[in-house]
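The values are calculated or read from the model by the stated rules, or taken from the named source; none is laboratory data. On a predicted model such as this, the values are computed, not experimentally measured, just so you know. Glycine also receives a Cβ, built like all others from the backbone with ideal geometry; neighbour counts cover every protein chain displayed.
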Amino acid sequence: MSHEMELPAFDRPTAANGSHTGQNDLGRLSDVPVELAVEIGRTRMTVGETLELRPGSIVVLNRMAGEPVDLLVNGTPIAHGEVVVIDEEFGLRITDVLGAPAGEQNGRASGEASAADASGQSPAEAPGTV
C-alpha cells in the first residue's frame with residue numbers, strides 16, 4: 001500500500017498588475033514603525049551587583065568617551081555615529097553604516113574593526129542602551 005499523495009502545484013503570488021511580488025518590493029513596508037536606540041556602551045554585572053545599584057552609583061561601560069556609539073534598529077546594530085547636541089537635545093551623526101560595501105563606508109577604512117565588533121558581545125548580552 002503506497003502512502004504517496006500528489007500535491008497541487010501553486011503559482012508564485014502576483015501583484016494586481018500581473019508582476020511577481022518579491023522580497024525587493026519594500027514599498028508596503030516603508031510605513032511600518034521600528035524602534036531606534038543609541039547604545040553608548042555595555043558592561044557585565046552579577047545579579048548581586050545590580051541589586052546594590054542606588055542613585056549616585058556609577059556603572060563603568062566598555063567604551064571610552066568620544067568613541068563611536070551604535071545605532072540599533074529593533075535591537076540590531078546598523079550604524080555607528082557620534083553623539084551631537086541639537087537645541088539641547090541629543091542626536092546622532094552617522095559615521096559608518098554597517099554592512100555597506102567597502103567603497104560606501106564613511107569615515108572608516110575597510111577592514112578596521114569597530115568598538116562593538118571588538119567587544120565580542122551580542123546586543124542581547126548586556127544592558128546599556130540610551
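The table that follows gives values for the structure above.
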{"quantity": "Test: residue in segment 100-115 that is modelled with pLDDT of 95 or more, surrounded by fewer than 15 Cβ atoms within 10 Å (Cβ to Cβ) and among the charged types (D, E, K, R)", "calculated": "no"}
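Let's see how each residue does on (1) touching a Leu at 6+ places or on another chain (Cβ under 7 Å); (2) under 26 Å from G91 (Cα atoms); (3) at pLDDT 95 or above; (4) surrounded by 11 or more Cβ atoms within 10 Å (Cβ to Cβ):
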| site | (1), (2), (3), (4) |
| --- | --- |
| T14 | no, no, no, no |
| P33 | no, yes, no, no |
| L51 | no, no, yes, no |
| R54 | no, no, yes, no |
| I58 | no, yes, yes, no |
| L71 | yes, yes, yes, yes |
